[in-house]
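K.L.:
Below: one structure in structure tokens.
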Amino acid sequence: MQSRRNLILILASVGTFVEALDIAIINLTIPSIQAQFNIGAESVQWLQTLYVLFFGGFIIIGGKLTDQIGRRKIFLWGSLLFMLTSLGAGLAPSFEALAVFRALQGLGAALIMPAALSIVSNTFRESQERSRALGIFSSFAAIGSGSGLSIGGLLSTYLSWHWVFLINVPILLVTLVLAYFYLPQDEKDENIPKTDTLSGILLVFGLLSLTYGTHELMHIKEQPLVVGSSLVLALVLLGIVFYRLKTVTEPLFDLGLFKHTSLVVSNIAFFALGSFFIGFLFLISLMLQKDMGHTAATAGLLLVPFSILSALVSKFALPLILKRLNPTQIGILGWSCMFVGGLSLFLAVFLNHPLTLVLFGAACISGVGMTFCFTSLSFLGVRDVDPANYGIASSLTSTTYFLGAGIGLSFMTLLSQLFPSDWAVGGLSVLILIGYALCGMATILYMAYDGKKAVA
């Protein structure tokens, strides 16, 4: 019985590892894709943006479908979609086809993530074992994010950029077969309300429009009507969604979930985490290749130790820390590492990029900080929520993470173009990164203060 539950934990964790891996894996392959399709940097960036938009936009629906249709079914369908679209992206004959498959990858990830978390949370119900299981599950996501750069750089250099997508196919094929036979059947519950599909669609298009408008703010002088209309449309659509959440009989999700302080704090901190970590992946790729002159393969090899460090921290350090610190304290520790890492990169810009200082910053962020932050915030997101709402609670935190990723990266890019630097990565960009870390730290410190006040 215990061995089967451990297998279930591994299957769910592999699913979230793959979707997290694909957020980072494309960064060091961008020059190769540009060369093959003869496109500029502004066009190729949409491969990352589309993945983030579709992931963040559809994950609310994915969470709701997880609660309504069943964890097992949504996990299987999401994994199948992700596998097929990875195959399509790897074999894409044109940039347009690659962009379409990349967007659909995000849709598959939006189904996998809430279903996988719900599977883990419902398989391990006792408090201590659930904490341990969620720690392992979250660490797989952190390892996937942390190892994406190194794996992408190595694959694109020694094989080709196609393999950053094709590598998902055999992994997910094995996962699908085992999941089909070993994941428990979904319990039938006739009392679960139907999904408010209209609100879900409006939410997706609202978030897409908001992120597009933010992404294109740098071109507002050339296209004021397009950019302005996108932002206005986003406000209108999201306003309609908010109105429907308050008035329809069976809303997309219950606004009452936000009565839980831990859920509110985790959402705000996840927004900051998305802004910080996706920004870090973007900046470290530019810094290593453009400012320091390393090839994609060399950059990937330089970042391999931090993938290993992340795995070691997750395997050995995290279980010990979970026994001694509560999730809020772990979050403070994680954001402290993020801040120190950002400060190291900031100093590196002004000291002619000493490799030791750059790698120390990367170690603090992707090797340690991301593991602690993701684990802490994932636990806080579902800590006080009823088990029946684990799927939607997970999807809410993931939505804020990817919305933060899209808006945070666009804001950083906008300011870096308004105030250009002699370096590909200027001090202002890293300073913004540090600002995101301080915002995340502030929310966790508020959680700690609120908890002490409640006890008193």
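The values are calculated or read from the model by the stated rules, or taken from the named source; none is laboratory data. On a predicted model such as this, the values are computed, not experimentally measured, just so you know. Don't worry about glycine lacking a Cβ; one is built from the backbone with ideal geometry, like all the others, and counts go over all protein chains shown.
K.L.:
Tell me whether the stretch 49-56 contains one or more residues that are touching a Pro at 6+ places or on another chain (Cβ under 8 Å) and either among the hydrophobic types (A, V, I, L, M, F, W, C) or not assigned by TED's automatic domain parsing to the domain that holds GLY153 (or both).
P.N.:
no
K.L.:
Give me a count of the residues in the stretch 215-243 that are surrounded by fewer than 17 Cβ atoms within 10 Å (Cβ to Cβ) and within 22 Å of GLN68 (Cα to Cα).
P.N.:
1
K.L.:
Among the residues of the stretch 330-350, are any modelled with pLDDT under 90 and out of contact with any helix residue (DSSP H, G or I) (no Cβ under 6 Å at 6 or more places or on another chain)?
P.N.:
Among the residues of the stretch 330-350, at least one is modelled with pLDDT under 90 and out of contact with any helix residue (DSSP H, G or I) (no Cβ under 6 Å at 6 or more places or on another chain), which makes the answer yes.
K.L.:
In this structure, does ALA92 turn out to be at negative phi, touching a Leu at 6+ places or on another chain (Cβ under 7 Å) and at pLDDT below 90?
P.N.:
Yes.
K.L.:
Determine whether PRO319 is under 23 Å from LEU273 (Cβ atoms), modelled with pLDDT under 90 and more than 22 Å from the chain's Cα centre (by Cα). First the steps, then the outcome.
P.N.:
Numbers: under 23 Å from LEU273 (Cβ atoms): yes; modelled with pLDDT under 90: yes; more than 22 Å from the chain's Cα centre (by Cα): yes.
The answer is yes for PRO319.
K.L.:
Please go through the stretch 235-292 and pick out each residue that is under 23 Å from the mean Cα position of the chain (by Cα) and assigned to a loop (DSSP other than H, G, I, E, B).
P.N.:
Answer for the stretch 235-292, where residues must be under 23 Å from the mean Cα position of the chain (by Cα) and assigned to a loop (DSSP other than H, G, I, E, B): LEU252, PHE253, HIS260.
K.L.:
Those residues that are more than 14 Å from the chain's Cα centre (by Cα), within 22 Å of GLY144 (Cα to Cα) and surrounded by fewer than 24 Cβ atoms within 10 Å (Cβ to Cβ), I need them from the stretch 45-71; list them, please.
P.N.:
Result: GLN45, TRP46, LEU47.
K.L.:
From the list LEU318, LEU309, which residue is in a helix (DSSP H, G or I), over 17 Å from GLY148 (Cα atoms) and assigned by TED's automatic domain parsing to the domain that holds ALA424? Give the derivation first.
P.N.:
Values: LEU309 fails: over 17 Å from GLY148 (Cα atoms).
After applying the criteria, what remains is LEU318.
K.L.:
Quick check, is SER416 within 21 Å of ILE59 (Cβ to Cβ) and among the hydroxyl-bearing types (Ser, Thr, Tyr)?
P.N.:
When the stated conditions are applied, SER416 does not pass them.
K.L.:
Now for a separate question. Determine which single condition PHE205 fails, assuming it passes every other condition in (1) at pLDDT 85 or above; (2) not assigned by TED's automatic domain parsing to the domain that holds LEU301.
P.N.:
For PHE205, the exception is condition (1).
K.L.:
Among the residues of the stretch 156-188, write down those that are loosely packed, with under 13 Cβ neighbours inside 10 Å and of a type in the set (D, E, K, R).
P.N.:
Across the stretch 156-188, the qualifying residues are GLU187, LYS188.
K.L.:
Can you name every one of the helices (runs of 4 or more DSSP H) wholly within the stretch 342-456 that holds 3 or more residues which are within 24 Å of ILE268 (Cα to Cα) and out of contact with any Cys (no Cβ under 9 Å at 6 or more places or on another chain)?
P.N.:
Hits in the stretch 342-456: 370-382, 390-418, 427-455.
K.L.:
A follow-up question, please. Just checking, how many residues over the stretch 32-75 are of a type outside the set (Val, Ile, Thr), part of a loop (DSSP other than H, G, I, E, B) and either closer than 23 Å to PRO387 by Cα or in contact with a strand residue (DSSP E or B) (Cβ under 8 Å, 6 or more places away or on another chain) (or both)?
P.N.:
Final tally of qualifying residues: 1.
K.L.:
Also, quick follow-up: Looking at the stretch 267-287, can you tell me whether even one residue there is closer than 30 Å to GLY427 by Cβ and not assigned by TED's automatic domain parsing to the domain that holds ILE69?
P.N.:
no
K.L.:
Show the residue pairs that are 6+ apart or on different chains and have beta-carbon atoms under 7 Å apart, the first residue being within the stretch 369-395 and of a type in the set (Asp, Glu), the second being not in a helix (DSSP H, G or I).
P.N.:
ASP384/HIS260
K.L.:
Just give me the residues in the stretch 353-410 being over 13 Å from the mean Cα position of the chain (by Cα) and under 15 Å from ALA116 (Cα atoms), in sequence order.
P.N.:
PHE379, GLY381, VAL382, PRO387, ALA388, ASN389, TYR390, GLY391, ILE392, ALA393
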